[in-house]
Amino acid sequence: PRQPAKTLWYDRPRYVFLEFCVEDSRDVRVVIEEQRLVFSCRNADGVEFYNEINLYARVNSKDSQEKRSDRSVTCFVRKWKEKVAWPRITKENIKPAWLSVDFDNWRDWEGDEEVERAMVEQYAEV
């Protein structure tokens with residue numbers, strides 16, 4: 001049986017970040033399209049995780065990437081329109097039970113591009 005992975009998200013001027021919280025993920029597959037993101041993987045116990053998100057706004061799939069760690073898979077999705085705040089991650093105004101705002105990383109980001117650029121570069125180096 002497949003189930004959605006617990007997902008945290010937060011907004012930045014140029015990117016939207018999504019963290020799919022699956023420990024020891026295997027067979028990770030992330031598909032980023034202009035208006036949709038699909039995530040799937042298995043964990044060490046063979047449980048299959050699957051999330052499909054119709055995104056709030058258009059994204060640049062070619063300039064988006066993901067990074068896998070032992071505890072999660074983080075996607076940084078490049079916004080099509082930079083410096084436009086996303087009030088939510090989903091196109092529909094509904095909040096699935098598995099989706100939460102990452103309040104540890106959320107903040108008003110007026111003039112926060114330098115911090116964001118440093119974060120993306122730090123992830124890219126790992």
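The values are calculated or read from the model by the stated rules, or taken from the named source; none is laboratory data. Given the structure is predicted, the values throughout are model-derived calculations rather than measurements. FYI the Cβ positions are ideal-geometry reconstructions off the backbone, even for glycines, and counts take in every protein chain you see. All accessible areas refer to the heavy atoms of the entire protein, side chains included, with ligands and DNA or RNA removed. Shrake-Rupley method; radii C 1.70, N 1.55, O 1.52, S 1.80 Å.
Can you tell me which residues in region 1-13 are assigned to a loop (DSSP other than H, G, I, E, B), surrounded by fewer than 19 Cβ atoms within 10 Å (Cβ to Cβ) and in contact with an Asp or Glu (Cβ under 6 Å, 6 or more places away or on another chain)? Walk me through it before giving the result.
Just the residues of region 1-13 that are assigned to a loop (DSSP other than H, G, I, E, B), to begin with: 1, 4-5, 12-13.
Imposing the further condition that a residue be surrounded by fewer than 19 Cβ atoms within 10 Å (Cβ to Cβ) reduces the set to 1, 4, 13.
Across region 1-13, the qualifying residue is only Pro13.
Does Lys83 meet the test of being out of contact with any Gly (no Cβ under 7 Å at 6 or more places or on another chain) and modelled with pLDDT of 95 or more? First the steps, then the outcome.
Values: out of contact with any Gly (no Cβ under 7 Å at 6 or more places or on another chain): yes; modelled with pLDDT of 95 or more: no.
No: the conditions fail for Lys83.
Please count how many residues of region 54-84 are open to solvent by 60 Å² or more (accessible area, probe 1.4 Å) and either in a loop (DSSP other than H, G, I, E, B) or on the phi > 0 side of the Ramachandran plot (or both).
9
Give just the number: which of (1) part of a strand (DSSP E or B); (2) more than 20 Å from Lys95 (Cα to Cα) does Asn51 not satisfy?
(2)
Return a yes/no flag: does region 68-80 have any residue that is touching a helix residue (DSSP H, G or I) at 6+ places or on another chain (Cβ under 8 Å) and within 15 Å of Trp9 (Cβ to Cβ). Working first, answer last.
At the first step, the residues of region 68-80 found to be touching a helix residue (DSSP H, G or I) at 6+ places or on another chain (Cβ under 8 Å) are 74, 76.
Those left that are additionally within 15 Å of Trp9 (Cβ to Cβ): 74, 76.
Scanning region 68-80, I find at least one residue that is touching a helix residue (DSSP H, G or I) at 6+ places or on another chain (Cβ under 8 Å) and within 15 Å of Trp9 (Cβ to Cβ), so the answer is yes.
Of the numbered conditions (1) touching a residue at least 12 places away in the same chain (Cβ under 8 Å); (2) closer than 25 Å to Asn93 by Cβ; (3) of a type in the set (A, V, I, L, M), Val22 fails exactly one; give the number of that condition.
(2)
Residues in region 35-48 that are in contact (Cβ under 8 Å) with a residue 40 or more places away in the chain and not in a strand (DSSP E or B): how many? Don't jump to the end; show me each part of the working.
As a first pass, look at region 35-48 and keep what is in contact (Cβ under 8 Å) with a residue 40 or more places away in the chain: 35, 37, 47-48.
Of the ones still in play, those that are also not in a strand (DSSP E or B) are 35, 47.
Selection size over region 35-48: 2.
Condition first: buried (at least 22 other Cβ atoms within 10 Å of the Cβ), part of a loop (DSSP other than H, G, I, E, B) and either in contact with a helix residue (DSSP H, G or I) (Cβ under 6 Å, 6 or more places away or on another chain) or not aliphatic (A, V, I, L, M) (or both). Now tell me which residues in region 14-34 satisfy that.
Ser25, the sole residue that qualifies.
From the residues in region 86-126 that are among the hydrophobic types (A, V, I, L, M, F, W, C) and in a strand (DSSP E or B), which one is modelled with the highest pLDDT?
The extreme case among them is Leu99.
Output the qualifying pairs, or none if there are none: Cβ atoms under 7 angstrom, residues six or more apart or on different chains, first residue in region 55-68 and among the acidic types (Asp, Glu), second residue surrounded by 16 or more Cβ atoms within 10 Å (Cβ to Cβ).
Within 7 Å, the pairs are Asp63/Arg78; Glu66/Val30; Glu66/Val73; Glu66/Thr74; Glu66/Cys75.
What's the number of the condition Ser40 fails, among (1) under 13 Å from the mean Cα position of the chain (by Cα); (2) among the small types (Gly, Ala, Ser); (3) open to solvent by 30 Å² or more (accessible area, probe 1.4 Å)?
(3) is the only condition that Ser40 fails.
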